[in-house]
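The values are calculated or read from the model by the stated rules, or taken from the named source; none is laboratory data. As the structure is a prediction and not an experimental result, all values here were calculated from the model. Every residue, glycine among them, receives a Cβ derived from its backbone with ideal geometry; neighbour counts consider all protein chains shown.
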Amino acid sequence: MSQVRLLVGTRKGGFIVTSDAARKQWEISGPHFGGWEVFHIEASPHDPDRLYASLWTAWHGAVIQRSGDGGRTWEAVGNQFVYADADATHQDFDGKPIPWRFKRVWHLEPTLDRPGTLYAGVEDAALFRSDDDGDTWEELTGLRRHPTGASWQPGAGGMGLHTIVLDPADPRRVFVAISAAGVFRSEDAGETWQTANKGLRATYTPEPEPEAGYCVHKIATHPSRPQTLFMQKHGGVYRSDDAGGSWTNISGNLSSDFGFPISVNANEPETVYVVPITSDTQHYPPDGALRVWRSRRGNAEWESLGEGLPARDCYVNVLREAMAVDRLDPSGIYFGTTGGQLYGSPTGGDRWDALAMHLPPILSVEAQAIG
Amino acid sequence: MEPLRIHVALPAHLRRLTGTSGSAVTVELPPGAGGAVTLGTVLDALERAYPALRGTIRDYPAAGSSTPGPLRPFVRFFALEDDLTPAGQSAPMPPEVLSGKEVLRIIGAIAGG
């Protein structure tokens, strides 16, 4: 019998939410690391009970924890992230040069081909790799040394490397996304990088189509179609069919071109989900109605999904890391809100259930189907 | 001679990392170390006993250095109601802390939500 396990990071701790394959009854364990901001919890694809968690507080900085038993017990692993060239600079909000400084880990991504090797996307934007299961970390310096690196500027939430997408067919290909630099692609496991932003438009910079400088919020792909990427950006939903070589706007009839997360159905590689948010200054759903929008063809035709979701007076946000899918059939879709509500749909989005209503603000959600 | 046993009270966030439930943890320093015990040497002993605390109270040494990094900005250190923080890691430990009668308190500054 399969089990579904949701790994939920919140502003005040981590929670593990489990169900059997029916996905009707859910049990919540936690808070783990009560009081800590849990940016991300992710599982190893090689061992479902091997979990990694990224913690942070303003007082004590960043901590990485590892579990070998599905989150029942945890141990601290390496939290030393050293930039190779501490004197180099990027640009601050006002365009002035500012040194790179490690602040926290936004995203953990275990590799698909090597157990014990994982990437960490951090703020200030940089990519680190561990080859010893998280005990030590080394920067892949080629990313920050890209010719555009010195010009990168933070987004409103900080200059984080928030997305790492791996290609199951080619372990040397890695995509990352940075707020607000854009998408970068490596074909040599992170040693060297190219920008992958052609076709995007930056509506908030003097130059509309710079090489880098795009406020990309999240990118997602389906394992069976690694050439196809979907993006929710500050200002539009986009699609690429040439591994980021060029992007096409597929915002179509969405109620807003703004939002944070984007996910692809685990069984339908053309079925895509987003959560429209009113605007960059109004981080809540249009008209106070929380809706997930689904495109079944990965194109500009979207349908609004609201059964089981609040239809009025709802003014929460859904953050970039806070949506996930499981690989059961039909694929389960899950998302968490800044109001602490965790919603799930075992029907591919047709109907939504509230799995938890009163958690701390939710920062991240990952879904595992086990067994 | 007995080793020095120094009691250190940790803030709640750090007790989550050490997995300790009491009001203070106890770290040991070599016998006879008393005269040279500073805040920095107590933190050395604390990090040896609880490696999970590395990087959470003070920064790691800079690249190529073995000198501990600076104290983190929102963390304060008190003993006998005195704030040791301004003196930094060279602050001497009061005899009452060295004798185990008083506790070194590590406190997160009031901030955040």
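None of A:Thr18, A:Thr73 is in contact with a Phe, Trp or Tyr (Cβ under 8 Å, 6 or more places away or on another chain) and surrounded by fewer than 20 Cβ atoms within 10 Å (Cβ to Cβ) except A:Thr18. Taken together, the residues in segment B:1-27 that are surrounded by fewer than 17 Cβ atoms within 10 Å (Cβ to Cβ), more than 10 Å from every other protein chain (Cβ to nearest Cβ), farther than 20 Å from B:Ile110 by Cα and not aliphatic (A, V, I, L, M) amount to 7. Might you check whether a residue that is under 16 Å from A:Phe260 (Cα atoms) and out of contact with any Phe, Trp or Tyr (no Cβ under 6 Å at 6 or more places or on another chain) occurs anywhere in segment A:305-314? No, there is no match, as no residue in segment A:305-314 is under 16 Å from A:Phe260 (Cα atoms) and out of contact with any Phe, Trp or Tyr (no Cβ under 6 Å at 6 or more places or on another chain). In the set (1) at pLDDT below 95; (2) more than 10 Å from chain A (Cβ to nearest Cβ); (3) surrounded by fewer than 20 Cβ atoms within 10 Å (Cβ to Cβ), the condition left unmet by B:Thr38 is number (1).
Yes or no, residue by residue, for (1) outside any strand (DSSP E or B); (2) over 17 Å from B:Gly55 (Cα atoms):
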residue	(1), (2)
A:Tyr52	no, yes
A:Gln65	no, no
A:Asp69	yes, yes
A:Gly78	yes, no
A:Phe81	yes, no
A:Ala84	yes, yes
A:His90	no, yes
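Checked across segment B:87-98, the condition of being closer than 16 Å to B:Ala24 by Cα, free of Cβ contacts under 8 Å to residues at least 40 places away in the same chain, away from chain A (no Cβ under 14 Å) and not aromatic (Phe, Trp, Tyr) holds for at least one residue. The one condition from (1) free of Cβ contacts under 8 Å to residues at least 24 places away in the same chain; (2) away from chain B (no Cβ under 14 Å) that A:Pro45 does not meet is (1).
For segment A:3-37, the set of residues classified as within 14 Å of chain B (Cβ to nearest Cβ), touching a residue at least 60 places away in the same chain (Cβ under 8 Å) and either assigned to a loop (DSSP other than H, G, I, E, B) or among the acidic types (Asp, Glu) (or both) consists of A:Arg11, A:Lys12, A:Glu37, listed by residue number. When the test is whether a residue is closer than 29 Å to A:Tyr83 by Cβ, surrounded by fewer than 16 Cβ atoms within 10 Å (Cβ to Cβ) and more than 10 Å from every other protein chain (Cβ to nearest Cβ), B:Ser65 passes it. In contact (Cβ under 8 Å) with a residue 60 or more places away in the chain, assigned to a loop (DSSP other than H, G, I, E, B) and at positive phi: does that describe A:Gly340? Considered against the rule, which asks whether it is in contact (Cβ under 8 Å) with a residue 60 or more places away in the chain, assigned to a loop (DSSP other than H, G, I, E, B) and at positive phi, A:Gly340 comes out as yes. Residue count for segment A:184-243 under the criterion of being touching a Lys or Arg at 6+ places or on another chain (Cβ under 6 Å) and either among the acidic types (Asp, Glu) or over 23 Å from A:Ala126 (Cβ atoms) (or both): the result is 4. Comparison of A:Ala125, A:Ala150, A:Ala86 shows that the only residue that is under 20 Å from the mean Cα position of the chain (by Cα) and of a type in the set (A, V, I, L, M, F, W, C) is A:Ala125. With respect to (1) out of contact with any Asp or Glu (no Cβ under 7 Å at 6 or more places or on another chain); (2) at pLDDT 95 or above; (3) within 18 Å of A:Gly61 (Cβ to Cβ), the lone exception for A:Lys103 is condition (1). Applying the condition of being polar (S, T, N, Q) and in contact (Cβ under 8 Å) with a residue 40 or more places away in the chain to segment A:195-232 and asking which residue is surrounded by the most Cβ atoms within 10 Å (Cβ to Cβ) yields A:Gln232. Here A:Trp106, A:Trp74, A:Trp56 are screened, and the one residue that is facing chain B (nearest Cβ under 10 Å), under 29 Å from A:Ile370 (Cβ atoms) and in contact (Cβ under 8 Å) with a residue 40 or more places away in the chain is A:Trp74.
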